[in-house]
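Below is one structure; the comments refer to it alone.
The values are calculated or read from the model by the stated rules, or taken from the named source; none is laboratory data. These numbers come from a predicted model, not from an experiment. Cβ coordinates were reconstructed from backbone atoms using ideal geometry, including for glycine residues, and neighbour counts include every protein chain displayed.
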Amino acid sequence: MPKAKAHPNQLPFDFAPPAPAKGVAELAGLERQVCELVGTVLASDPRSREEIAGAMSAVLNDTVSKAMLDAYASGARPDHKVPASRLFALLVVTDRQDLLDPIMRKIGAALLVGEEVKTARLGQIETLINQLREEQRRLRNEATPIRDR
């Protein structure tokens, strides 16, 4: 399977370790940010909101309408909070998982999408190899020969 092209407006990955927001009111306004995220996702997709709602309905096996998407994207309608399942479905059907990263960083996490996990694993393997090489160097200096019979 060929590698998927990145979305032309895809956010770059920030390698700075995120710290969770634990201070007073540090997560205030999160619902508004989710609404803005939904609006950005919908604006970045060339399909109509009806088509996106249809794709979400299929993925969720539940009814999602254009009106629901309109309400989720509107900061003026705070009573229409986006359920996590619908937010995730929206991100999947629009292939805009990258837009979730800034929100994830607020809770001390970072988001890797698809094949990026392999890049992270490669970094982990390289770190393990370096640790083993360091142990090998240390043991070379400390090790005594094994007795000969």
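Observations, loosely collected:
- Among all residues of region 5-15, there is none that is among the hydrophobic types (A, V, I, L, M, F, W, C) and more than 30 Å from GLY123 (Cα to Cα).
Okay, residues lined up against (1) exposed (fewer than 10 other Cβ atoms within 10 Å of the Cβ); (2) of a type in the set (Gly, Ala, Ser):
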| site | (1), (2) |
| --- | --- |
| ASP79 | yes, no |
| ARG86 | no, no |
| VAL92 | no, no |
| ASP98 | no, no |
| ARG105 | no, no |
| ALA120 | no, yes |
| GLU126 | no, no |
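- GLU134, sole failed condition from (1) assigned by TED's automatic domain parsing to the domain that holds ARG49; (2) surrounded by 10 or more Cβ atoms within 10 Å (Cβ to Cβ): (1)
Residues checked against (1) modelled with pLDDT of 95 or more; (2) in a helix (DSSP H, G or I); (3) more than 24 Å from ILE52 (Cα to Cα):
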residue	(1), (2), (3)
VAL93	yes, yes, no
LEU99	no, yes, no
ILE103	no, yes, no
ALA109	no, no, yes
LEU112	no, no, no
VAL117	no, yes, yes
LEU122	no, yes, yes
GLU126	no, yes, yes
LEU139	no, yes, yes
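- Residue selected from region 51-77 under the condition in contact with a Cys (Cβ under 7 Å, 6 or more places away or on another chain) and surrounded by fewer than 19 Cβ atoms within 10 Å (Cβ to Cβ), by the criterion nearest to GLY29 (Cα to Cα): GLY75
- Residues of region 18-27 satisfying the condition of being under 27 Å from ARG77 (Cα atoms) and surrounded by 10 or more Cβ atoms within 10 Å (Cβ to Cβ): ALA21, GLU26, LEU27
- Residue within region 73-82 that is modelled with pLDDT of 95 or more and among the hydrophobic types (A, V, I, L, M, F, W, C) present: no
- Neighbours by Cβ (under 6 Å, 6+ apart or cross-chain): first from region 60-74, farther than 12 Å from LEU42 by Cβ and assigned to a helix (DSSP H, G or I); second among the small types (Gly, Ala, Ser) and modelled with pLDDT of 95 or more: LEU60/ALA89
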